[in-house]
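Inspection log for the structure reproduced underneath, given as structure tokens.
The values are calculated or read from the model by the stated rules, or taken from the named source; none is laboratory data. The model shown is predicted, which means the values in this text are computed figures rather than measured ones. Virtual Cβ from ideal backbone geometry, glycine too; neighbours counted across all protein chains shown.
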Amino acid sequence: MTAAEPEDGPCDPTAPEPPDGGFLGELSGVYREAIVCRRCELEKTRHRVVFGAGSSTASLMFVGEAPGAREDRLGAPFVGRSGALLDQMLDEIGRQRGDVFIANALKCRPPANRNPTRPELAACRPWLDAQVRLIRPRVIATLGNFATRLLTGSDAAISTVRGRPQQHTLGGHRVWIFPLYHPAAVLRNRALMTTMRTDFLALRALVEGAGLPR
């Protein structure tokens with residue numbers, strides 16, 4: 001099962017509209033290609049491709065697993081309760097959605113929020129690599145087990161690697177990976193909220209260059 005958002009809350013009425021392709025430079029072209037993607041079977045069941053949203057020059061990028069039902073309908077990443085919590089955490093470190101870039105490893109929703117398959121991930125990976133290559137973030141914060149394992153190549157549980165930066169090469173770009181609990185996991189277990197706040201403060205320090213490992 002994916003890190004799907006709990007369904008016991010209303011959809012956020014202020015959820016962002018799907019991006020209009022107004023990204024800078026080459027990223028705009030990648031967007032136009034991605035939204036008509038036919039590389040895997042998910043094109044038969046999706047409503048919209050959820051390319052991602054935010055700044056084309058962001059120093060901080062967030063990567064989750066895959067769109068949920070709300071994201072699939074709206075064409076925007078992290079809406080509803082999970083998105084509201086992510087917005088809250090950003091606000092607490094002095095940032096907004098427009099300052100960062102938010103995406104998912106998979107750009108289309110798997111039916112019933114099932115786990116993505118290897119062929120789906122392989123087909124979609126070039127889109128994520130292109131985003132990283134063109135945006136060139138300093139830090140990529142991975143949200144949850146799935147995104148963290150995918151981008152680090154490790155099977156370590158999020159509980160053992162969260163809050164610990166590690167360097168990897170993605171999209172030909174050397175970048176810090178900073179694993180975080182998925183907002184949906186924190187919504188299900190409020191005891192993780194203090195940990196999430198601590199990790200976001202460390203994330204801010206890393207982005208600003210003050211939290212580099214010695």
Per-region count, segment 32-68, residues more than 21 Å from Y181 (Cβ to Cβ), out of contact with any Pro (no Cβ under 7 Å at 6 or more places or on another chain) and not acidic (D, E): 14
Flag if F78 is assigned to a strand (DSSP E or B) and either buried (at least 19 other Cβ atoms within 10 Å of the Cβ) or more than 11 Å from the chain's Cα centre (by Cα) (or both): no
Looking at segment 174-201, which of its residues are touching a Pro at 6+ places or on another chain (Cβ under 8 Å) and more than 24 Å from G80 (Cα to Cα)? V175, W176, I177
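Select from segment 119-137 the residues that are under 25 Å from E208 (Cβ atoms) and either in contact with a helix residue (DSSP H, G or I) (Cβ under 6 Å, 6 or more places away or on another chain) or of a type in the set (S, T, N, Q) (or both) and list them in ascending order.
The first filter runs over segment 119-137 and keeps only residues under 25 Å from E208 (Cβ atoms), leaving 128, 131-137.
Once the filter is applied, which keeps residues that are under 25 Å from E208 (Cβ atoms) and either in contact with a helix residue (DSSP H, G or I) (Cβ under 6 Å, 6 or more places away or on another chain) or of a type in the set (S, T, N, Q) (or both), segment 119-137 yields Q131, L134.
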List pairs: first residue in segment 187-214 and small (G, A, S), second residue at pLDDT below 95 anywhere in the structure, Cβ distance under 7 angstrom, at least six positions apart or on different chains. A202/G211; A205/G211
Could you run through segment 97-128 and say how many residues are surrounded by fewer than 23 Cβ atoms within 10 Å (Cβ to Cβ) and of a type in the set (K, R)? 4
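Can you tell me which of R46, R38 is out of contact with any Phe, Trp or Tyr (no Cβ under 9 Å at 6 or more places or on another chain), assigned to a loop (DSSP other than H, G, I, E, B), at pLDDT 95 or above and surrounded by 14 or more Cβ atoms within 10 Å (Cβ to Cβ)? Please lay out each step first, then the result.
Numbers: R38 fails: surrounded by 14 or more Cβ atoms within 10 Å (Cβ to Cβ).
Of the residues listed, the single one that is out of contact with any Phe, Trp or Tyr (no Cβ under 9 Å at 6 or more places or on another chain), assigned to a loop (DSSP other than H, G, I, E, B), at pLDDT 95 or above and surrounded by 14 or more Cβ atoms within 10 Å (Cβ to Cβ) is R46.
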If Q131 passes every condition in (1) surrounded by fewer than 21 Cβ atoms within 10 Å (Cβ to Cβ); (2) within 17 Å of the chain's Cα centre (by Cα) but one, which one does it miss? (1)
Could you tell me whether N104 is of a type outside the set (D, E, K, R) and on the phi > 0 side of the Ramachandran plot? no
If I ask for residues that are surrounded by fewer than 24 Cβ atoms within 10 Å (Cβ to Cβ) and either over 18 Å from A34 (Cβ atoms) or aromatic (F, W, Y) (or both), which ones from segment 50-69 would you list? T57, S59, A69
